[in-house]
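Below is one structure; the comments refer to it alone.
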Amino acid sequence: MAHFAIPTHVVIGSEALKEASTYLKEYGNKALIVTGPHVSKSPMMQELKKCLESIEIGYFVFDEITGEPTDKMIEKGVEAYRKSNSRFVIGIGGGSPLDSAKAIAVMSVQKDGCRISDYMGVEITGPIPKIVAIPTTSGTGSEATKFTVITDTERNIKMLLKGNCLIPDLAILNYEYTMDMPKSVTASTGLDALTHAIEAYTSKLANPLTDVFGLSAVKRIMKYLPIAYKNGHDSVAREQMSIAAFEAGVCINNSSVTLVHGMSRPIGALFHVPHGKSNAMLLECCLRFALDGTYSRFSDLGRVCGCATGDDSDQVAAEKFIEAVRQVLIACEIPTLREYGIHRDDFIAAIPKMAEDAIASKSPSNTRKEVTEKDCEMLYHQLIRM
């Protein structure tokens, strides 16, 4: 029987922060706010500070999450948590600050000498400080998941760490916080959410509840992501993308990801491509590879988003869906690896390690088709030729 887990509290809407005050007051009298340098100077940060002050909660701002989080950033964050005598953690920003807030909460209660890399491949358990997640992008779904992705700087790999204790106690969703996202961030985070929803629905671990969230997220994203990309101030599109990102996060929290994510993390670790963008680069070729493993599941996605009909066979409907995904990638102007600036010879030289790391992540094993290391190598070669 599948277990279904979501954040303890989810508050959504333009007044979400104010309405969440009741819960914040239960978490302690001082918070470590984890964010990046841009968000730390933003109006949304000022709103958060005023909210905390109004309910007499102290805070310390740790704004050193620059780019995707590394073990070194987490170590600094833990030091800030302890020195500031904080009692709980608030992550505000994109996926990186939210993932970092989770990792800091975990490591803040560990003994000296313990490293975050010790938890790779181990289910994280035990009591940790309360976690509040306030996303300002629509994509990673970290506000809904038991996962955090942290780069191990010594081994040059992205570690996928997990444990139910990492699911935020409180998720605060205000789509207005996403209105100023640059086009490139709108595209990469939105396509990350699309990848989550597609992979979760087609995963071996899918269940009836994740199916509901997955179908809904795919339908929303396929319609509203191109609109949000074209006009970032379209409030309807931003609101729908905020909901979809959360739905997709719930999906991967309960049915996991598959081939795309397994192959994406090594590209990010070795070539420093942002996670959502590397997912987007891989999306079409990986989905085409996985297609014949479950035409029926992909056909469901094609029909729910309106690019296929009930008159189409499952195979035709599935192929129409992949073509619709390709059109969204074009609309969002996703670059190829070469357009991004990755040298062909460097990429080819790294393929054996990337394929090994992809399989080792175990994500490809959730695909409804056998995936081998050789398959990953073939897909990486295909990707660099695009």
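The values are calculated or read from the model by the stated rules, or taken from the named source; none is laboratory data. Computed from a predicted model, the values in this text were never measured in an experiment. Positions of Cβ are backbone-derived with ideal geometry, glycine not excepted, and every protein chain shown enters the neighbour counts.
When you scan segment 174-186, do you find a residue that is touching an Asp or Glu at 6+ places or on another chain (Cβ under 8 Å) and under 28 Å from residue 297 (Cβ atoms), even just one? No, segment 174-186 has no match at all. Tallying residues that are of a type in the set (S, T, N, Q) and assigned to a loop (DSSP other than H, G, I, E, B) within segment 99-124 yields 2.
The set of residues in segment 147-186 being over 15 Å from the mean Cα position of the chain (by Cα), modelled with pLDDT of 90 or more and among the basic types (Lys, Arg) consists of 183 alone.
The rows are residues; the columns are (1) polar (S, T, N, Q); (2) over 24 Å from residue 87 (Cβ atoms); (3) buried (at least 20 other Cβ atoms within 10 Å of the Cβ).
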residue: 117; (1), (2), (3): yes, yes, no
residue: 131; (1), (2), (3): no, no, yes
residue: 135; (1), (2), (3): no, no, yes
residue: 144; (1), (2), (3): no, no, yes
residue: 182; (1), (2), (3): no, yes, no
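Taken over segment 194-220, residues that are hydrophobic (A, V, I, L, M, F, W, C), buried (at least 24 other Cβ atoms within 10 Å of the Cβ) and in contact (Cβ under 8 Å) with a residue 60 or more places away in the chain amount to 3. Applying a threshold of 6 Å to beta carbon distances and a minimum spacing of six or more residues, or different chains, the list of pairs starting in segment 95-120 at a residue that is assigned by TED's automatic domain parsing to the domain that holds residue 137 and ending at one that is among the polar types (S, T, N, Q) and assigned to a loop (DSSP other than H, G, I, E, B) reads 95/140; 97/35. Just one of the numbered conditions (1) of a type in the set (Ser, Thr, Tyr); (2) under 24 Å from residue 67 (Cβ atoms); (3) out of contact with any Phe, Trp or Tyr (no Cβ under 8 Å at 6 or more places or on another chain) is not true of residue 175: (2). Against the numbered list (1) more than 17 Å from residue 256 (Cα to Cα); (2) crowded, with 22+ Cβ neighbours inside 10 Å; (3) touching a Lys or Arg at 6+ places or on another chain (Cβ under 7 Å), residue 166 comes up short only at (1). What do you reckon, is residue 76 modelled with pLDDT of 95 or more, charged (D, E, K, R) and loosely packed, with under 13 Cβ neighbours inside 10 Å? No; evaluated as a whole, the condition is false for this residue. Touching a residue at least 24 places away in the same chain (Cβ under 8 Å), assigned to a helix (DSSP H, G or I), under 18 Å from residue 382 (Cβ atoms) and in the same structural domain as residue 193 (by TED's automatic domain parsing): is that true of residue 322 in this structure? So residue 322 passes the test.
Under the condition of being crowded, with 22+ Cβ neighbours inside 10 Å, within 14 Å of the chain's Cα centre (by Cα) and not acidic (Asp, Glu), the residues counted in segment 221-254 number 12. Number of residues in segment 193-220 that are among the hydrophobic types (A, V, I, L, M, F, W, C) and within 17 Å of the chain's Cα centre (by Cα) equals 8.
Going through (1) farther than 25 Å from residue 369 by Cβ; (2) loosely packed, with under 14 Cβ neighbours inside 10 Å one by one, residue 296 falls short only on (1). Here residue 79 fulfils each of the conditions (1) assigned to a loop (DSSP other than H, G, I, E, B); (2) without any contact (Cβ under 8 Å) to a residue 12 or more places away in the chain apart from (1).
Every listed requirement among (1) outside the structural domain of residue 365 (by TED's automatic domain parsing); (2) in contact with a Lys or Arg (Cβ under 7 Å, 6 or more places away or on another chain) is met by residue 156 save one, (2). Residues in segment 67-99 that are more than 16 Å from residue 38 (Cα to Cα) and touching a Gly at 6+ places or on another chain (Cβ under 7 Å): 87, 88.
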